[in-house]
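Participant: Dropping the structure in here first, questions after.
The values are calculated or read from the model by the stated rules, or taken from the named source; none is laboratory data. None of these values were measured; they are calculated from a predicted model. Glycine also receives a Cβ, built like all others from the backbone with ideal geometry; neighbour counts cover every protein chain displayed.
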Amino acid sequence: MRKGVRIVIWQAGRLRIIAACLALLASGLMTAGCSRQAEPVVAVDVPLAEVNGEAITQADFAFEVQRRLETGRPLGEPDAILRELAERRIMLQKAEESGMMADPLVQRELENQKLARWLERTLQARKDAVTVSDGDLRQAYEADLATHTQPARVRLAILYRRLGRHDSEERRATLRTELEAARERYLADPGGVTQNGRIPGFGTVAADTSEDTVSRYRGGDLGWLERGRTGYRWPDAVTATGFALPPGQPSDVLATGDGFYVVMKTGEREPRVTPFEEAAVSLRRQLLRERQEAVEQAFKRNLLASAEVRIDAVQAARLELPALKSMQPPTLTPQGATAPPVMLP
């Protein structure tokens with residue numbers, strides 16, 4: 001043993017019996033060899049070893065054996081377990097003597113671990129006990145049926161030509177004429193320009209004419225839009241006109257602030273209520289989350305109600321936070337290397 005570290009071990013002959021009894025008890029094979037009535041082994045605080053005056057008891061030994069059994073770790077020999085416990089106790093003693101435990105960061109880490117374990121066995125246990133019955137689901141579904149109703153939707157397609165702020169009247173007339181011609185080209189052969197529906201919307205006419213970069217190569221198709229909604233990236237006058245059109249009928253050329261449009265409704269869907277069976281999965285998760293949050297809030301309220309908290313308002317008003325520092329963008333040195341960032345107050 002190292003000087004200054006003293007380990008005294010006694011009653012070693014009883015360790016094998018204790019370990020064997022605990023192992024049999026954990027596996028459900030306890031027999032009269034350990035206890036005539038197959039009763040659980042009760043750990044007694046009888047010293048087995050002493051490390052610098054600090055005892056390692058039979059209860060410590062029994063706890064370690066049980067911990068290894070529960071985690072699937074091999075037990076090994078009893079005397080080896082006891083010596084590992086002694087080594088661990090020595091290191092813990094040295095850690096305490098080092099003063100490291102007084103470090104605020106270390107204390108915070110230990111507090112966090114303690115708090116996490118406590119919350120796991122209290123708050124989390126209560127949250128895990130929360131349930132949602134089928135009746136709860138049905139009641140919540142019917143009480144908020146609007147949430148499970150999809151609004152009516154309309155599918156639109158557009159042809160667009162951009163108009164510059166300083167474009168002449170002649171230029172405006174040219175753009176309008178080109179869009180009118182594109183509209184007529186579509187109406188003359190809808191099946192041909194859409195390849196019998198394989199290309200949506202205006203088909204190849206959009207690719208040849210439209211300047212909407214997002215939609216031009218997919219027939220001017222804008223996808224499914226919510227009927228009556230405003231604020232899309234296209235002018236409201238364009239979408240409103242499209243919502244009001246009969247399917248398959250392109251509008252006249254519309255003049256807006258940014259250019260000219262032709263819009264067409266290519267499909268529409270009536271409002272649809274999501275069936276209860278489809279909504280139940282996500283609704284159950286939502287209700288569980290809401291109820292668990294309610295349990296957590298009640299838990300915190302009860303904690304505050306059971307404690308006396310006093311805050312010195314005068315002193316609190318004098319508290320100040322340090323000024324935040326910002327990073328200056330990196331600059332290049334004459335050699336081309338990136339210079340380190342400079343902290344600014």
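Participant: Could you count how many residues in region 278-298 are more than 22 Å from the chain's Cα centre (by Cα) and at pLDDT below 95? Quick ask: steps written out before the conclusion?
Facilitator: First, the residues of region 278-298 that are more than 22 Å from the chain's Cα centre (by Cα): 278, 298.
Applying the additional criterion that residues be at pLDDT below 95 yields 278.
Result for region 278-298: 1.
Participant: Spot the failing condition for Arg227; the list is (1) basic (Lys, Arg); (2) surrounded by fewer than 14 Cβ atoms within 10 Å (Cβ to Cβ); (3) at pLDDT below 95, and only one is missed.
Facilitator: Condition (2) is where Arg227 drops out.
Participant: Now a separate question. Check off (1) modelled with pLDDT of 90 or more; (2) surrounded by 13 or more Cβ atoms within 10 Å (Cβ to Cβ) for Arg73 and give me the number that stays unchecked.
Facilitator: Among (1) modelled with pLDDT of 90 or more; (2) surrounded by 13 or more Cβ atoms within 10 Å (Cβ to Cβ), Arg73 violates only (2).
Participant: For the subset of region 201-255 comprising residues that are in a strand (DSSP E or B) and touching a residue at least 60 places away in the same chain (Cβ under 8 Å), which member is farthest from Ala181 (Cα to Cα)? If you could, list the steps in order and put the result at the bottom.
Facilitator: Of all residues in region 201-255, those in a strand (DSSP E or B) come to 221-226, 254-255.
From what is left, the residues that are touching a residue at least 60 places away in the same chain (Cβ under 8 Å) are 221-226, 255.
On the way: Asp221: 19, Leu222: 21, Gly223: 24, Trp224: 26, Leu225: 27, Glu226: 30, Ala255: 15 Å.
Within region 201-255, the match that is farthest from Ala181 (Cα to Cα) is Glu226.
Participant: Moving on. Restricting attention to helices (runs of 4 or more DSSP H) lying wholly within region 79-162, give those where 3 or more residues are touching a residue at least 12 places away in the same chain (Cβ under 8 Å). Lay out the reasoning, then the answer.
Facilitator: On the way: elements: 104-121, 123-128, 134-143.
Where helices (runs of 4 or more DSSP H) fall fully within region 79-162 and carry at least 3 residues being touching a residue at least 12 places away in the same chain (Cβ under 8 Å), they are 123-128, 134-143.
Participant: Right, next: Determine whether Arg218 is in the same structural domain as Leu159 (by TED's automatic domain parsing) and within 33 Å of the chain's Cα centre (by Cα). So that I can check it myself, show each step before the final result.
Facilitator: Numbers: in the same structural domain as Leu159 (by TED's automatic domain parsing): yes; within 33 Å of the chain's Cα centre (by Cα): no.
No: the conditions fail for Arg218.
Participant: A further question follows. Looking at region 256-267, which of the residues that are touching a strand residue (DSSP E or B) at 6+ places or on another chain (Cβ under 9 Å) and surrounded by fewer than 16 Cβ atoms within 10 Å (Cβ to Cβ) is nearest to Ala140 (Cα to Cα)?
Facilitator: Taking the candidates together, the pick is Gly267.
Residues checked against (1) over 12 Å from Ile158 (Cα atoms); (2) at pLDDT 95 or above:
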residue: Arg172; (1), (2): yes, no
residue: Ala181; (1), (2): yes, yes
residue: Glu184; (1), (2): yes, yes
residue: Leu187; (1), (2): yes, yes
residue: Asn196; (1), (2): yes, no
residue: Ala206; (1), (2): no, yes
residue: Ser210; (1), (2): no, yes
residue: Val214; (1), (2): no, no
residue: Gly220; (1), (2): no, yes
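Participant: Out of region 110-155, which residues are in contact with a Lys or Arg (Cβ under 6 Å, 6 or more places away or on another chain) and closer than 30 Å to Ser210 by Cα?
Facilitator: Correct list: Ala152, Arg153, Val154.
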